[in-house]
Amino acid sequence: MTDAATRLDDVRDDMVRACKASRRRIDDVTLIAVSKRRSADEIAALADAGVLHFGENRVAEVEEKWPAIRQARPGLILHMVGQLQSNKAADAVRLFDVIHSLDRPSLLDALVRESARAGRAPSVYVQVNIGDEEQKGGVAIDDLPDFLAKVRTSGLPLAGLMGMPPRGVQAGPYFALLADLARRHGVNGLSMGMSDDFATAIMMGATAIRVGTALFE
Ligand SMILES: *Cc1c(COP(=O)(O)O)cnc(C)c1O
C-alpha cells in the first residue's frame, strides 16, 4: 500500500472504532481531507486511495491548485473550511461545493447574490464561535437563532453547524455544546473534529470530520 493509503486506513479504523463505540453508522460520518498547503500529487494519492471530499482554506490557493485536479477527477467534492471574505463570494460559489465558514449576514447576502448569478449554490455550514474566542470566526452563540433563521430563508441549502474548540483544552465539552445547539435548533449536520480529536467528535455526533495532518503526514 502507498503511504497515503496506509494513513487513510488508520484514520478509517479510528472512525470505525468511534462509530462502534457510539452505536453510529460509519456511513453517517463524512471524512474531509483538509489539503491546504498540500501538493496536487499528495491530493491525487489520497483520491486514488478512495477519498472523495477535500477541504481547503484559501481561495487563492484553490484557484492555483484545483482546476487541474478537478479536470482529472470531476467527482471530487471541495469544501471551504477557512474564513471567507465577502468580496471572495463569487470565487467561492464557483470553486466550492460546500462552505463551512458562513458566520455573518454580509457573507450570507454575498453568497446568495453570487449563487443566483452563477446558477449554482454551495451548501453551507453555519460556523459557531463555540469557545467565544475574539480571534476566531464564527457567529456568537447568542446570535445563532437569528442568523439561522436568516440562512433558512435564504435559499442556500443548510448543511449544519461547524465549530472549532479552543486550542489546548479538552475538546469534548465544546463538541457537546455544538451538538446541543444543533439539536435545539433542529439542525442535522455537525462539522467538527480534526486530526487530534476526530474520534471524540464522532462520539459526540459529528457528521463531517475535517482531517489534515493525520492523512498527509
Ligand atoms: C487545517 C484545518 C483542519 C485540519 O487540521 P489537522 O489538525 O491538520 O487535522 C481542520 N479544520 C480547519 C478549519 C482547518 O483549517
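The values are calculated or read from the model by the stated rules, or taken from the named source; none is laboratory data. Since this is a predicted model, take the numbers as computed values, not measurements. No Cβ is skipped: glycine too gets one built from the backbone with ideal geometry, and neighbour counts run over all protein chains shown. Protein only, heavy atoms only, side chains kept; ligands, DNA and RNA dropped before computing areas. Shrake-Rupley method; radii C 1.70, N 1.55, O 1.52, S 1.80 Å.
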- Item | Against the rule of thumb 2.2 N^0.38 Å, how large the Cα Rg of the range 54-162 comes out | 1.05
- Query: Tell me, what is the percent relative contact order of the range 3-216, built from C-alpha pairs under 8 Å that lie six or more residues apart?
  - Reply: 21
- Task: Tell me what the chain gives for mean residue ellipticity at 222 nm when only DSSP H runs of n ≥ 4 count, each as -39,500 (n - 2.57), the sum divided by the residue total, rounded to 500 deg cm²/dmol.
- Result: -13500 deg cm²/dmol
- Along the three principal axes, how long is the chain when you take its alpha carbons, biggest first, rounded to the nearest angstrom? 48, 39, 29
- Message: Need the full-extension length gain, Ala118 to Lys150, defined as separation in residues times 0.36 nm minus the C-alpha distance. One decimal, nm.
- Response: 9.4 nm
- Put +1 on the Cβ of each Lys and Arg and -1 on the Cβ of each Asp and Glu in the range 98-169; which of Ala121, Gly163, Leu107 then has its Cα farthest toward the positive end of the dipole? Ala121
- Largest-first ordering by accessible area, 1.4 Å probe, given options Glu64, Glu217: Glu64, Glu217
- Item | Dipole magnitude of the chain, debye to nearest 20 (Cβ charges: Lys/Arg +1, Asp/Glu -1, about Cα centre) | 560
- Note on the structure: Expressed in angstrom and rounded, the centroid-to-centroid distance over alpha carbons for the range 148-169 and the range 65-125 is 15
- Task: Using only Cα positions of the range 30-116, each an equal point scatterer, no hydration layer, compute I(q)/I(0) via Debye at q = 0.13, 0.25, 0.26 Å⁻¹ and quote the log10 values to two decimals.
- Result: -0.40, -1.26, -1.34
